[in-house]
Amino acid sequence: MNTATRPYYWSVRRELWENRSLYIAPLIVAAVQIIGFAFTTVGLADRRRAVLLLDDPAKQRIAIEMPYDIAAMMMMLTAFIVALFYCLDALHGERRDRSILFWKSLPVSDLTAVLSKVTIPLVVIPLVAFAITVCVQLIILLITSVVLLVHGVSPATTLAHVSFFRSWVVLLYGWVALSLWDAPFYGWLLLVSGWARRATFLWAVLPFLALGIFEKITFGTQYFANFMKNRFMSFAAEAFDFRGQKTLCIDSLAQLTPGRFLSTPGLWVGLLLAVAFIAAAVRLRRYRGPI
């Protein structure tokens, strides 16, 4: 391994060693999903027969895909929550337990330390969540196949309506797009984590609530609130093509629009803000001591 990248590599490893919730929490949610799905297999064969009698192939696909889509959405929500609390504690925790004194004594720069922490929500958590989602979907497929076989229904009805390769490509692409879109959000949380002495969650949220309330009371408008809502919700509209569809479904890989997503001004403005927040977090770590 290159000597220049070795401190960064071991800094990322350190984050994984110290924050086991990064993979334990998604694994717990995955186990709950599998157990919950096992209970829903009662009557699965009858429901599958009823679905196959539907005249609309799209409705058949949506009904059969539903457990797999729910597994992906639950894991995305779990990953977001894990990333949220990790970022809020990433720099604050080492100041609170005074371990920052030890880590600063090592030949690892503040830039390397902060970049390793940024890597966790932007790269590591999405990859872990993606891998666990794939495993959960394969286990659900196995359980479904066994139950259908026992009740005299062909498991091929699942594979005929669900394209796992397409789903995994869409899911991985969605994770990449979402990570880039949410980069300023994670950068802000890390900055607050390095600055606040306590109540990091409140310090991260209250400024935005205060601005929204101030605008509403003073001017009677909601431009800031609508902007924040659009920032959190609009990544899918830029990363995928849903035109002409009543539901947000991905029927083809042609609906992936990476060119349009990468040319969106909001993406690059957000990335510039993320760089600014991360640079400020590096500077704060350089001069902030234990709490």
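Laboratory data are not the source of any read-out in this text; all were calculated from the coordinates shown. These figures come from a predicted structure and were not determined experimentally. All Cβ positions, even for glycine, are placed from backbone atoms using ideal geometry, and neighbour counts span all protein chains on display.
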Open item on the list: Just want the ordering: 18, 94, from fewest to most Cβ atoms lying within 10 Å of their own Cβ.
Closed with: 18, 94
Task: Positive-end residue, segment 6-287 charge dipole about Cα centroid, Cβ charges, pick of 180, 115, 167 - done: 115
- [ ] Could you tell me the convex hull volume per residue, in Å³, taken over the Cα atoms of segment 196-254?
- [x] 135
Open item on the list: Give me P(r) over the chain, computed from all C-alpha to C-alpha distances, binned every 10 Å, as integer percentages.
Closed with: 6, 23, 28, 23, 14, 6, 1
Task: Placed amide H near residue 240: partners under 5 Å, 5+ positions off or other chain - done: 257
Open item on the list: Counting other beta carbons within 10 Å of each residue's own, what order do 228, 75 fall into, fewest first?
Closed with: 228, 75
Task: Contact order relative to length of the chain, as percent, for alpha carbon pairs under 8 angstrom and 6 or more apart - done: 27
Task: Proximal aspartates and glutamates to residue 229, defined as alpha-carbon separation beneath 19 angstrom and excluding residues fewer than eight positions away on the same chain - done: 182, 215, 238
Open item on the list: So if I place +1 on the C-beta of Lys and Arg and -1 on the C-beta of Asp and Glu, and nothing else carries charge, what would the dipole magnitude of segment 6-287 be about its Cα centre? I want it in debye, nearest 20.
Closed with: 780
TODO: For segment 252-264, take each phi angle, set θ = phi - 60°, evaluate the Karplus expression 6.51 cos²θ - 1.76 cosθ + 1.60, and give the result in whole Hz per residue in order, putting x for glycine and proline.
DONE: 8, 5, 5, 7, 6, 10, x, x, 5, 5, 6, 9, 6
- [ ] Give me 238, 215 ranked fewest to most by other Cβ atoms within 10 Å of their Cβ, as a rough exposure proxy.
- [x] 215, 238
Task: Cα-based equivalent ellipsoid, segment 91-136: semi-axes from gyration tensor eigenvalues, Å - done: 29, 12, 8
Task: At most 12 other Cβ within 10 Å, DSSP loop - trypsin sites (Lys or Arg not before Pro), segment 127-198 - done: 197, 198
- [ ] Would you work out if segment 136-291 is rounded, prolate or oblate? Take a ≥ b ≥ c from the square roots of the eigenvalues of the alpha-carbon gyration tensor; rounded if a/c is under 1.5, else prolate when a/b is larger than b/c, oblate otherwise.
- [x] prolate
TODO: Starting from the Cα of residue 104, draw a straight line to each of the aspartates and glutamates and keep only those under 17 Å, dropping any in the same chain fewer than 8 residues away.
DONE: 15, 18, 94
Task: Kirkwood Rh in Å, taken over all unlike Cα pairs in segment 80-199 - done: 17.3
